[in-house]
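Each remark here refers to the structure printed beneath this line.
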Amino acid sequence: METLDIPLVNLAVAFLLLLIPVGISIKYGLKLIKPLFVSIVRMTIQLALIGVFLKYLFQWNNAFVNIGWLLVMIVVAVFSSVKSSSIKVSSIFLPAFISFSVATLTVVFFLNVFVVPVNSVFDARYLIVLGGMLLGNSLRGNIVGISTFYKRLKMDSNHYLYVLSLGATETEALMPYLRESVQLALKPTLASMATMGIVTLPGMMTGVILGGASPEVAIKYQIIIMIGIVTSTIASVVLTIVLTKRVCIDRYGVLRSDVFRKETPSRRKKL
Amino acid sequence: MSGTSAVIEFAGVNLSFSGKKVIDDLSLVINSGDKVVISGKSGCGKSSLLSLVLGFVKPDSGKVVFGGVAVDGKTAWNVRREIALIDQDVSLGSGSVESFLEFVSDLKVNAHLDFSPHKLMKFFHLQGILHKNLKDLSGGERQRLAIVVSVLLNRKVFFLDEVTSSLDANLKKKVADYFLKRDDWTCVIVSHDPVWLESPSVRVFDFEEKVWKH
Ligand SMILES: Nc1ncnc2c1ncn2[C@@H]1O[C@H](COP(=O)(O)OP(=O)(O)OP(=O)(O)O)[C@@H](O)[C@H]1O
Ligand SMILES: [Mg+2]
């Protein structure tokens, strides 16, 4: 079964739908037209470029190139999750990169070797699509997890120091913050898993079904993807915190102030 | 235990925060069994003095010694196990009083302790708070709970940073007597309260002039 291709003219017609939000925005003065326009243009251009790029990537299907592209995706994911924490990117980029790579590659290779009967574990279709799926979906969790950990630790520093004064080891003192961050990071994933199929018909499934596979196949893929997402989210949040704390916490067990970004007034207002 | 061995020693200690000098060339010795009251105006660095010993802040220069060992990134962890601190903000955290007590007694360092708070809680008029949330306690209740915990830790050195500020006259007296009557305890007390300052058993260190008053 082949997916129905959409002729370019028809694609253009789809853009006509946007007349509705534009009309609403004008009628109620929502000032949405400009941000909407910018986002639509960006999305279209990015997807067009990536479409061409992926076409050649799939045609070429070279193991090294595939791994290389996966690493590029990891770098971008690391940047976006580190950037939204209050820690300087330069101080924790490397440990975060290591942790994201370990978490993503482990899950992807496990799935490709033991679960999906692919010919080559480096096959572009499965390596890049699965890897991208994992990264994209664990990204939000990672952003929440990493920034919560350091934000709470800093806000709560008096209590943290009090616990150290009680004679706690570093692990004992940090454990409550680690636990809280991971739980918070995982909350949306767990919630969407619990309602999956009923409330959410996720992108992966839609894609596979539109791609011509039967719903049974789509569901199997969805199940392995969700297991992969939970695994890589927990692993990467915990690993990132464990690895970055060596940089952000000194030998005295005290949070270093020089790893935090200087907050400019404008940044603060935005938060 | 001899009453004259040095427990804490500051030798030419300088401390500044982002360029602003807070402690200037301080030298000070506190002996075993001493009851020392540190006095001085707000912001002059009294709490920072305690933080230096615990390794929470590091001196720009000079040496901080505890029990004959210089405080550094390695030794600070042991120093903290010898001192019972009550910080000025009484930062006990959140959650129920019971779970807080459990957290403290579950720490590895406290594994050997007989951690039963009931008698002391009664002594400091803290009956019936076990199931309350720490955030719902009054300032004075929190201070007394922190005092109870500090005693249960079974340590010999106490850092008491403004621990009587929210207590009534009766309780102030009760707390001060409790700490001052123990000859084997070394207490470093930060306070403006006459209940400590005017007690005959303390030595007062004027932190602004860097001199002993009596
Ligand atoms: N971690 C820190 N970072 C930056 N500045 C600090 C820090 N801790 C203390 N300071 C500054 O150092 C000075 C001394 O603070 P400290 O808390 O030691 O004063 P204090 O004598 O205990 O005052 P108070 O009687 O009001 O409690 C203050 O100006 C304070 O703002
Ligand atoms: Mg103070």
Of all residues in region A:128-160, which are within 14 Å of chain B (Cβ to nearest Cβ) and crowded, with 23+ Cβ neighbours inside 10 Å?
-> A:Tyr160
Flagged in region B:150-162 as among the β-branched types (Val, Ile, Thr) and buried (at least 21 other Cβ atoms within 10 Å of the Cβ), in numbering order, are B:Val157
Expected single match for surrounded by fewer than 19 Cβ atoms within 10 Å (Cβ to Cβ) and in a strand (DSSP E or B) among B:Gly62, B:Gly73 is B:Gly62
Selection over region B:38-68 where residues are within 13 Å of ligand 1 (Cβ to nearest atom) and either among the aliphatic types (A, V, I, L, M) or within 13 Å of the chain's Cα centre (by Cα) (or both) yields a count of 11
Going by the conditions given, is A:Arg140 at pLDDT below 90 and not assigned by TED's automatic domain parsing to the domain that holds A:Phe53?
-> yes
Taking B:Ala84 as the residue in question, decide whether it is within 14 Å of chain A (Cβ to nearest Cβ), part of a strand (DSSP E or B), more than 10 Å from ligand 1 (Cβ to nearest atom) and not β-branched (Val, Ile, Thr).
-> yes
From B:Leu130, B:Leu160, residue being touching a residue at least 24 places away in the same chain (Cβ under 8 Å) and either within 16 Å of ligand 1 (Cβ to nearest atom) or within 14 Å of chain A (Cβ to nearest Cβ) (or both) = B:Leu160
Looking at this structure, is A:Ser91 assigned by TED's automatic domain parsing to the domain that holds A:Ile143, closer than 30 Å to A:Lys220 by Cβ and of a type outside the set (A, V, I, L, M, F, W, C)?
-> no
Would it be correct to say that B:Val149 is hydrophobic (A, V, I, L, M, F, W, C), within 14 Å of chain A (Cβ to nearest Cβ) and out of contact with any Pro (no Cβ under 9 Å at 6 or more places or on another chain)?
-> no
Would you point out the residue of region B:44-59, among those that are out of contact with any Pro (no Cβ under 8 Å at 6 or more places or on another chain) and assigned to a helix (DSSP H, G or I), that is nearest to the other protein chains (Cβ to nearest Cβ)?
-> B:Leu54
Taking B:Asn14 as meeting all but one of (1) away from ligand 2 (no atom under 16 Å from the Cβ); (2) within 27 Å of B:Glu198 (Cβ to Cβ); (3) touching a Gly at 6+ places or on another chain (Cβ under 6 Å), write down the number of the exception.
-> (2)
Among B:Leu113, B:Leu54, B:Leu120, which is the only one that is closer than 21 Å to B:Leu152 by Cα and either within 16 Å of ligand 2 (Cβ to nearest atom) or touching a strand residue (DSSP E or B) at 6+ places or on another chain (Cβ under 7 Å) (or both)?
-> B:Leu54
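Quick one: which of A:Ser25, A:Ser39, A:Ser80 is assigned by TED's automatic domain parsing to the domain that holds A:Ile241 and among the polar types (S, T, N, Q)?
A:Ser80
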So is B:Lys41 more than 14 Å from every other protein chain (Cβ to nearest Cβ), touching a residue at least 40 places away in the same chain (Cβ under 8 Å), of a type in the set (D, E, K, R) and within 16 Å of ligand 2 (Cβ to nearest atom) or not?
-> yes
Residues that are under 16 Å from the mean Cα position of the chain (by Cα), away from ligand 1 (no atom under 15 Å from the Cβ) and surrounded by 14 or more Cβ atoms within 10 Å (Cβ to Cβ), drawn from region B:163-194 | B:Lys172, B:Val175, B:Ala176, B:Tyr178, B:Phe179, B:Leu180, B:Arg182, B:Trp185, B:Thr186, B:Cys187
Taking only region B:92-121 into account, find how many residues are within 12 Å of chain A (Cβ to nearest Cβ) and either small (Gly, Ala, Ser) or crowded, with 16+ Cβ neighbours inside 10 Å (or both).
-> 15
Restricting region B:16-37 to residues that are within 14 Å of ligand 1 (Cβ to nearest atom) and either within 14 Å of chain A (Cβ to nearest Cβ) or assigned to a loop (DSSP other than H, G, I, E, B) (or both), the one surrounded by the most Cβ atoms within 10 Å (Cβ to Cβ) turns out to be B:Ser16
If B:Asp89 passes every condition in (1) surrounded by fewer than 19 Cβ atoms within 10 Å (Cβ to Cβ); (2) away from ligand 2 (no atom under 16 Å from the Cβ) but one, which one does it miss?
-> (2)
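The values are calculated or read from the model by the stated rules, or taken from the named source; none is laboratory data. Note that this is a predicted model, so its numbers are computed, not measured. FYI the Cβ positions are ideal-geometry reconstructions off the backbone, even for glycines, and counts take in every protein chain you see.
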